[in-house]
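Data first, discussion second: the structure below is written as structure tokens.
The values are calculated or read from the model by the stated rules, or taken from the named source; none is laboratory data. Since the model is a prediction, treat every value here as computed from it, not as a measurement. FYI the Cβ positions are ideal-geometry reconstructions off the backbone, even for glycines, and counts take in every protein chain you see.
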Amino acid sequence: MSDKYIKKATRHVNQNEDLIFERSSPGKKGYRLPPLDVPEVDYKQALGQAARADLGNMPEVSEMEIIRHFTRLSTWNYAIDLGMYPLGSCTMKYNARVNEVVARLQGLAEAHPWQPEKVSQGALRIMKILADCLLDITGMDAITLQPAAGAHGEMTGIMLIHALLKSKGNPRKKILIPDSAHGTNPATAAICGYAVENLKSNAQGMVDINALASQMNEDVAGLMLTNPNTLGIFEQEIHKIAAILHDKGGLLYMDGANMNALVGKTRPGDFGVDVMHLNLHKTFSTPHGGGGPGSGPVACKKALEPFLPKPVVMSKPDGTVGLDYDRPQSVGRVRMFFGNFGMHVRALAYIMANGPDGLRQTTEDAVLNANYIRKKLDGTYELPYKSASMHEVVFSDHLQSEKGVKTGDVAKRLIDYGFHPYTVSFPLVVHGALMIEPTESESLDELDLFIDAMQSIAREVNEDPELVKTAPHSTRVSRLDETAAARKPVLRWKP
Ligand SMILES: *Cc1c(COP(=O)(O)O)cnc(C)c1O
């Protein structure tokens, strides 16, 4: 092959893809409209003050140019459809195509939220059945599907706790949060007006029961707990934790983002949890991140039900499904209409495609896969907590740091091997954490490839640490200055 030919072949997927503004040339259009056949409206007059005088600098390109530009950019992305995405705490599982087929059915995709109940029975029944399934899975009494993400669910859940305690005359002041918690938990408590008090973990990586007992008092509204926690460890004394809180009138909030380790095996409602959120975009296979909006339903016990956001989907005596707006104690709406309905459809498709036995199998496979990786990489990477892992495993970069290589360097090198990095430097209780969650989606072949890559990187750390410290080497852009990117982001193109 001549060089010339290679150049042409590579240019189409080019690391130097111009900005769309740089491709602009005056007068080009990506559309063609028919001649105007209605009276022209003076938009400045029609919009008044809302009309912008300066429309800025818009790129002028043809339809073909804009299609190619964005299609080429899309090939720069890593995706779950390309390979393993071992991002711990995120449950990056396969988004089944059958979910998409169902969500695109015309009657669902084009349903309008203002259609009368009478002609929305199908959509309402989907929400009702999903709600019932999730209650069955969690062992809780009532649920709202409104919240649009996990963090949004947390906020809704803490608002319920606040509303219940306030109705009893004292909303209290503090929320306890373990040091292993996801960053959204303290942020949620703070946003809801609570002071955050840190709760220490014990040597096994679980909540220190004695510390909890001494910190729990009548100022504490509740505890926000992830179970299994962010170390992937099941809180074995969860029933005692719940009892300590309940004895002093507090409530137990469970961050249910890690339900992929529990579905079909055990139920938070049975081990003392009062209120929790689920991440449909984690456990229930709806797209995560750039792939679509999230969904964070909040399930609670009977005592909290009156405060749920309205409307609540309910079965009516005549056998139809309707929306209950008559809820005087409700915390109000947390999201327009009924939440991200398209995600409810996908999550229900996933639940029904698997069935109860399939869901249980999913949980078992997710836990098995994480433990397979743990066993194979133990010793190559340090395992700081020896307690049994559930769906994810956390190593540290202790052995690699002797060569000056950090968890972030190993993660960057993993990109050269064709994998998305694992979660870096989290949870904070482990110095230099490598947090890995394979999910049930991965085959033994893919797990072995990943393990091979991690072992190979560990060898490279010993033989040629510079190679790892300067990774990635195979990407379109080399290592970025992450501090500058976070502190001085350039979010806007200027001519
Ligand atoms: C992902 C996650 C959240 C937040 O969920 P979002 O949908 O990203 O807001 C909260 N807690 C834990 C443990 C998580 O893993």
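Any residue at all in segment 190-201 that's of a type in the set (Ser, Thr, Tyr), assigned to a loop (DSSP other than H, G, I, E, B) and crowded, with 17+ Cβ neighbours inside 10 Å?
yes
Matching residues to (1) over 21 Å from Pro427 (Cα atoms); (2) in contact with a strand residue (DSSP E or B) (Cβ under 6 Å, 6 or more places away or on another chain):
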{"site": "Gly157", "(1), (2)": "yes, yes"}
{"site": "Leu164", "(1), (2)": "yes, no"}
{"site": "Asn170", "(1), (2)": "yes, no"}
{"site": "Lys173", "(1), (2)": "yes, yes"}
{"site": "Asn185", "(1), (2)": "no, yes"}
{"site": "Met224", "(1), (2)": "no, yes"}
{"site": "Lys240", "(1), (2)": "yes, no"}
> Checking Lys375 against (1) free of Cβ contacts under 8 Å to residues at least 40 places away in the same chain; (2) touching a helix residue (DSSP H, G or I) at 6+ places or on another chain (Cβ under 6 Å); (3) of a type in the set (Lys, Arg), which single condition isn't satisfied?
Replying inline: (2)
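From the list Tyr85, Tyr31, Tyr78, which residue is loosely packed, with under 14 Cβ neighbours inside 10 Å, of a type in the set (Phe, Trp, Tyr) and in a loop (DSSP other than H, G, I, E, B)?
Being loosely packed, with under 14 Cβ neighbours inside 10 Å, of a type in the set (Phe, Trp, Tyr) and in a loop (DSSP other than H, G, I, E, B) holds for just one of Tyr85, Tyr31, Tyr78, which is Tyr31.
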>> For segment 185-203, which positions are within 16 Å of the ligand (Cβ to nearest atom) and free of Cβ contacts under 8 Å to residues at least 60 places away in the same chain?
In response: Pro186, Ala187, Thr188, Ala189, Ala190, Ile191, Cys192, Val196, Leu199
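For every residue, the table says whether it meets (1) surrounded by fewer than 19 Cβ atoms within 10 Å (Cβ to Cβ); (2) without any contact (Cβ under 8 Å) to a residue 60 or more places away in the chain; (3) assigned to a helix (DSSP H, G or I).
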| residue | (1), (2), (3) |
| --- | --- |
| Ile129 | yes, no, yes |
| Asp132 | yes, yes, yes |
| Ile137 | no, no, yes |
| Ile143 | no, no, no |
| Ala151 | no, no, yes |
| Glu154 | no, no, yes |
| Gly157 | no, no, yes |
| Leu164 | no, no, yes |
> Just checking, how many residues over segment 34-75 are touching a helix residue (DSSP H, G or I) at 6+ places or on another chain (Cβ under 9 Å) and either assigned to a helix (DSSP H, G or I) or β-branched (Val, Ile, Thr) (or both)?
Replying inline: 1
> Is it true that some residue in segment 104-113 is modelled with pLDDT under 95 and touching a strand residue (DSSP E or B) at 6+ places or on another chain (Cβ under 8 Å)?
Replying inline: yes
> So which helices (runs of 4 or more DSSP H) stay within segment 367-483 end to end and still have 3 or more residues that are surrounded by fewer than 16 Cβ atoms within 10 Å (Cβ to Cβ)?
Replying inline: 444-463
> Do any residues in segment 388-406 that are more than 18 Å from Gly205 (Cα to Cα) and of a type in the set (D, E, K, R) have Cβ atoms under 8 Å from those of residues that are crowded, with 18+ Cβ neighbours inside 10 Å and at pLDDT 95 or above, where the two are at least six apart or on different chains, and which pairs are they?
Replying inline: Lys403/Val461; Lys406/Asp397; Lys406/Gln400; Lys406/Gly432
> Within segment 46-70, how many residues are surrounded by 11 or more Cβ atoms within 10 Å (Cβ to Cβ) and farther than 18 Å from Lys28 by Cβ?
Replying inline: 2
> Among Pro268, Pro306, which is more than 16 Å from the ligand (Cβ to nearest atom) and at pLDDT 95 or above?
Replying inline: Pro306
> Checking Gly169 against (1) surrounded by 18 or more Cβ atoms within 10 Å (Cβ to Cβ); (2) of a type outside the set (A, V, I, L, M); (3) part of a loop (DSSP other than H, G, I, E, B), which test does it fail?
Replying inline: (1)
> Quick one: Lys248 ticks every box in (1) surrounded by fewer than 24 Cβ atoms within 10 Å (Cβ to Cβ); (2) within 16 Å of the ligand (Cβ to nearest atom) bar one, so which box is it?
Replying inline: (2)
> If you take the residues of segment 108-123 that are part of a loop (DSSP other than H, G, I, E, B) and crowded, with 16+ Cβ neighbours inside 10 Å, which of them is farthest from the chain's Cα centre (by Cα)?
Replying inline: Ser120
> Does at least one position in segment 204-225 carry a residue that is aliphatic (A, V, I, L, M), within 11 Å of the ligand (Cβ to nearest atom) and either within 17 Å of the chain's Cα centre (by Cα) or surrounded by fewer than 18 Cβ atoms within 10 Å (Cβ to Cβ) (or both)?
Replying inline: yes
>> Any residue that is more than 24 Å from Glu402 (Cα to Cα), of a type in the set (S, T, N, Q) and at pLDDT 95 or above - is there at least one of those in segment 461-477?
In response: no
> Mind checking whether some residue in segment 341-348 is at pLDDT below 95, within 24 Å of the chain's Cα centre (by Cα) and closer than 22 Å to Leu124 by Cβ?
Replying inline: no
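Yes or no, residue by residue, for (1) within 16 Å of the ligand (Cβ to nearest atom); (2) in contact (Cβ under 8 Å) with a residue 60 or more places away in the chain; (3) more than 30 Å from Ser120 (Cβ to Cβ); (4) within 16 Å of the chain's Cα centre (by Cα):
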position	(1), (2), (3), (4)
Glu63	no, no, yes, no
Arg68	no, no, yes, no
Thr91	yes, yes, yes, yes
Asn95	yes, yes, no, yes
Val98	no, yes, no, no
Val102	no, yes, no, no
Gln106	no, no, no, no
